[in-house]
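In what follows, a single structure is set out as structure tokens and then discussed.
Bear in mind that the values in this text are calculations on the coordinates, not laboratory data. Because the structure is predicted, anything quoted here is derived from the model rather than measured. Note that each Cβ is placed from the backbone with ideal geometry, even for glycine, and that neighbours are counted across all protein chains shown.
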Amino acid sequence: MSKISRPFKISNNKKVRFPMMRLDFLAQFRELLEVKVTHNYFAEKKFPAGMFKIYPTDLTMLKLKQNTLQFRALPSGFMLGYGSTDTYFPLKELAEPLRLSFYAEVRDVNFLNYTHLPYKLDDDRVFYLNNLGLEKDEDTHKNLSKEHFLTDEDKVQTTHPRFVYQFDEPQEGGVEIEVMDALGEVVFSEILEEGAMACDVNLLDLPEAKYTLNIDGLEEGAFYTYAGLKPLFGIIDIIIDPDAFDEYSFFDDNGELTAQEYTLNFKARETRWNYILVEQGTEPKHKDHEIYDSFKRSGYMPVTFTGAESVDRDGKKVQSIWTENPIPLRERQPQKFKVRTKRGSSGVEWIQSLPCPATNTGLRVNKSESDEVYSELIVYL
């Protein structure tokens, strides 16, 4: 089982933008939380509408209603608002932490083409993020994940609520197995008999959530219980704890509500670009192939390229040239590369502009380079 992932960081929300409104006889709703989803691949640093969806679980929908909270989906994230009157303020009356869970769903088939994550999605692992201050490193950013950008380390294993935990060797009698929830409460406990090789863990009566399995007080791994058929991309837990007063809390030192703004950041995939230069005729007319960066701007460091290498492709000799280093993919690539050759018997200089990669085509996996993902661009001279 994977070890527990400690989420990212975040920054305090100084604004109150939740739409002022009235719902039936209840009072005005004010902003409690905004979760922003950003991606530096896109020109505006956020997903276009409909490509990344976050929505409450069924149990959370019930909890929202019970605590006079309202959910609002945003094109790239969501907001929560709280309701109150001069005499009725449900959130300030919380006796114990309130856990709200939200599913995150990607609706773009090209997502992994332009996102810096392993080039695969796991059916039995899920991104898990929460706002608990104890699980975060010191940082100036209020982020829901462990580092500034979401990484594969933010995943936990998913499992059915009832599962059998297997041991590698027989256990001594009296070994204690505990399962704890995200708040550190023990929700399952069993003392093993001498020689036990497995433990039947039953969490069927508990909500789908992240739990940690401990053996004699030592953490063995974290997991998320999920009985659904559809693979999950991500889970976001927002925990409103009246006894928490850290920078991630919804309550200040005086017990008053304070709005929060959390971010979920995705990093653009970086690839080396491989230009394959192909002669259109049967006889080669170009020689001394060279690619150079023609983009000019004060302080700009031009991209460098490898020398041209003649390689065989489908029985034909072509020229292969790589960028020396990976380049971040962008919705609108700023690069301006050109190829320079000597053409014909007289060696006339020939210059041709080169295309940039598209995220829906041309991605390849280099098995000889630790599964490097690179961009292949075929250019006809």
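The residue list Asn274, Leu62, Met197 was ranked by how far each Cα lies along the charge dipole of the chain toward its positive end, using unit charges on Cβ atoms, and Asn274 comes out on top.
Which value, in debye to the nearest 20, describes the size of the charge dipole of the chain about its Cα centre when Lys and Arg Cβ atoms bear +1, Asp and Glu Cβ atoms bear -1, and nothing else is charged?
Details: 46 positive and 62 negative charges, 701 e Å.
About 3360 debye.
Across the cross-link table entries Lys230/Lys267; Lys65/Lys267; Lys92/Lys230, which are compared at the Cα atoms, the separations over 27 Å belong to Lys65/Lys267; Lys92/Lys230.
Can you give the direction-averaged projected area of the convex hull of the alpha-carbon atoms in the range 189-276, in nm²?
Details: hull surface 51.4 nm².
With the hull built on Cα positions only, its mean projection is 12.9 nm².
Close lysine pairs were tallied over the range 270-380: pairs 8 or more places apart or on different chains with Cα atoms under 21 Å apart number 13. The calculated Kirkwood hydrodynamic radius for the range 270-380 is 15.0 Å, given to one decimal from all distinct C-alpha pairs. Each residue in Phe167, Phe102 was given a count of other beta-carbon atoms within 10 angstrom of its own, and listing them fewest first yields Phe167, Phe102.
Among the listed pairs Lys53/Lys142; Lys63/Lys120; Lys45/Lys120, those whose Cα-Cα separation exceeds 27 Å are Lys63/Lys120.
Entry note, the chain: relative contact order of 20 percent, from Cα contacts under 8 Å with a spacing of 6+ residues.
Rg and Dmax, both from the Cα atoms of the chain and both in Å, are 26.9, 91. Geometric descriptor of the range 161-225, per residue, is 75 Å³ (volume of the convex hull of the Cα atoms).
Per-residue Karplus couplings for the range 222-237, computed as 6.51 cos²θ - 1.76 cosθ + 1.60 with θ equal to phi - 60°, are listed in order as 10, 7, 10, 7, 8, 10, x, 8, 7, x, 9, 8, x, 10, 10, 9 Hz, Gly and Pro entered as x.
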